[in-house]
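Here the structure comes first, spelled out in structure tokens, and everything after it is commentary.
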Ligand code: HXC
């Protein structure tokens, strides 16, 4: 176990690294104590901590002393949560209960070539369930970046993983009581064309790229719950968190997985003082028995909760549609957004026009089906038009897409001195 401090971009950072060449990097009592010591140093000195993980897990010969060692590390992870950034870089095996230390940290990066994370390894799985599975199938980077959502980033190798850890830190303050580091402002990229036809999918990253500083967007969990895009970016040099519905995955609906993905990110940004920019284009929550029985009420509430409690500056832009509960959840004015803007062709309503008129004009349509077109047009102009939302202050302004970057940046600038407590809350795993 190698521990120490170093500077990254002229800021002190605490580190620990497991040496797989010594007893397989397994964790014994003193090994654990060294990790906790350096974590305490990070806590006292208000600096981020990066753990490089490559370990055979609890040192078998040490028995309960090794298990208690993990317990003290988990407790320290929780104590530091939301106070200083914690980054786990998994370079090799990370097995058994050991996986819970990375899971308690803010960002997990896995190296594609060697990293594995599982609570029970292939041999135990075979013995208990008769299932034959390889380590990669059980807990390789593909599993954790696409299915479990454990890994925020996958690196091509160890060197790339370390580069990514440094990049993540460039968006985060050294502690919750400081501001995130400013970079030199850069111009925005080109705003992609967004089709007016609501049924046409597009990649929302084309909108993000046209709003934030050129090449500043670092997407997190890009292959997990792809219907919600999250990541760090910069606006005129200031680090921000981006949350955006992705119309090209599940039509941009919110579901349980996307809600939890978004919730933890919103809470991390709030803990570390990163303003939030939310881009909305969603037809609502994904309907169906799978979602309802899977707990979309309980799990969707997490995103709602995260936005409603966030005290960082919060700006929302409605790009096309904002329907139903998903409109509210995606950082609406009623949840406390500082500013909500809408593009001219956007629609805001309880539900889409087709479904809405089937409910509210059922009798008229049964009597005369030819009135459908007229009733649709009437609903769109009297209920869904952003002017309706603007007239009752649900949105602050209808803006041209090409003005989005300038208006969001100016609003953000006006909120620069927003007061923030030195500690907001932890970053509870969810
Ligand atoms: C003690 C260990 C060890 C362990 C490896 N070694 N794991 N010693 N405790 N957990 C030792 C080996 O005996 C060997 O010693 C040396 O490390 C290198 O191991 P190899 O197997 O030769 O290396 P390699 O082929 O690279 O495989 C690495 C490995 C494998 C994938 C990590 O060793 C392995 O599967 N280890 C056991 C993993 C495991 O089941 N851990 C317990 C998980 S449960 P010599 O002297 O021969 O060089 C757990 C509970 C945590 O951790 C609970 C927390 C709450």
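Every number in this text was worked out from the coordinates using simple rules, so none of it is lab data. These numbers come from a predicted model, not from an experiment. Virtual Cβ from ideal backbone geometry, glycine too; neighbours counted across all protein chains shown.
I'd like to know how region 4-73 sits against the 2.2 N^0.38 Å rule of thumb: what's its Cα Rg over that expected value?
Against the empirical 2.2 N^0.38 Å value, I get 1.16 for region 4-73.
Given the options 128, 13, 229, state which has the largest fluctuation in a GNM of the chain using a 10 Å cut-off (strictly under) for Cα springs.
Between 128, 13, 229, it is 128 that shows the largest mean-square fluctuation.
Please identify, among 287, 344, 93, the residue showing maximal mean-square fluctuation in a Gaussian network model of the chain using a 10 angstrom Cα cutoff.
Checking each option, the largest mean-square fluctuation is seen for 287.
Using Cβ contacts closer than 10 Å as the measure, can you line up 3, 105, 72, 134 from fewest to most?
Ordered from fewest to most neighbouring Cβ atoms within 10 Å, 3, 105, 72, 134 come out as 134, 72, 3, 105.
With only alpha-carbon atoms counted, please give the Rg and Dmax of region 237-347, in Å.
13.2, 44
Under 10 Å, Cα contacts only: if you run a Gaussian network model on the chain, which one of 81, 179, 370 comes out with the highest mean-square fluctuation?
Top of the fluctuation ranking is 370.
Quick check on region 177-298: take the gyration tensor over C-alpha atoms, sort the square-rooted eigenvalues as a ≥ b ≥ c, and tell me if it's rounded (a/c under 1.5), prolate or oblate.
Cα axes put region 177-298 in the oblate bin.
What Kirkwood hydrodynamic radius, in Å, does region 310-397 give when the mean of 1/r is taken over all pairs of distinct Cα atoms and then inverted?
Result for region 310-397 stands at 13.9 Å.
Most exposed first by the Cβ proxy, i.e. fewest other Cβ within 10 Å, how do 88, 394, 256 rank? Numbers along the way, then the final one.
Details: 88 27, 394 18, 256 22.
Going from sparsest to densest Cβ surroundings: 394, 256, 88.
Please say if region 1-149 is rounded, prolate or oblate, where rounded means a/c under 1.5 for a ≥ b ≥ c the square roots of the C-alpha gyration tensor eigenvalues, and otherwise the choice is prolate for a/b larger than b/c and oblate otherwise?
prolate
Calculate I(q)/I(0) for region 162-211 by the Debye formula, one identical point scatterer on each C-alpha and no solvent, and give its log10 at q = 0.19, 0.31 Å⁻¹ to two decimals.
So the normalised log intensities are -0.80, -1.08.
Would you mind estimating how fast region 277-427 diffuses translationally, via Stokes-Einstein at 4 °C and 1.567 mPa s with the Kirkwood radius over Cα pairs, in µm²/s?
After rounding, the answer is 75 µm²/s.
Return the calculated 222 nm mean residue ellipticity for the chain, to the nearest 500 deg cm²/dmol, obtained by summing -39500 (n - 2.57) across DSSP H runs with n ≥ 4 and dividing by the residue count.
So the calculated ellipticity at 222 nm is -10000 deg cm²/dmol.
Relative contact order (percent) for region 1-141, with alpha-carbon contacts under 8 angstrom and 6 or more residues of separation?
About 19 percent, as a whole number.
Can you give me the angle between helix 29-45 and the longest principal axis of the chain, using Cα atoms only, in degrees from 0 to 90, rounded to the nearest 10?
50 degrees
Using alpha carbon coordinates only, what is the Rg to Rh ratio of the chain, with Rh defined as the Kirkwood radius?
1.03
Given just the C-alpha atoms of region 73-179, how large is their convex hull per residue in cubic angstrom? Walk me through the intermediate numbers first.
Values: hull volume 10.2 nm³, N = 107.
Convex hull volume per residue, Cα atoms: 95 Å³.
Could you tell me the largest-minus-smallest coordinate of the C-alpha atoms of region 288-357 on each of the three principal axes, in descending order and whole angstroms?
35, 32, 15
If all Cα-Cα distances of region 345-386 are sorted into 10 Å bins from 0 onward, what percent lands in each bin, rounded to whole numbers?
31, 54, 14, 0
How big is the equivalent ellipsoid of region 36-108 along its three axes, where each semi-axis is √(5λ) from the Cα gyration tensor, reported in whole Å from largest to smallest?
They are 21, 14, 10 Å, listed largest first.
Please report, to one decimal in angstroms, the Kirkwood hydrodynamic radius of region 190-230 built from all distinct Cα-Cα pairs.
Hydrodynamic radius (Kirkwood, Cα pairs) of region 190-230 is 11.3 Å.
Tell me, 272, 307, 182, 341 in order of fewest to most beta-carbon neighbours within 10 Å?
182, 341, 307, 272
Relative contact order of region 199-336, please, whole-number percent, based on alpha carbon pairs below 8 angstrom and at least 6 residues apart.
In percent, rounded to a whole number, it is 22.
Contact order normalised by length for the chain, with contacts defined as Cα pairs under 8 Å and 6 or more residues apart; what percent is it?
That works out to 11 percent.
With N set to the number of residues, divide the alpha-carbon radius of gyration of region 134-231 by 2.2 N^0.38 Å and report two decimals.
1.31
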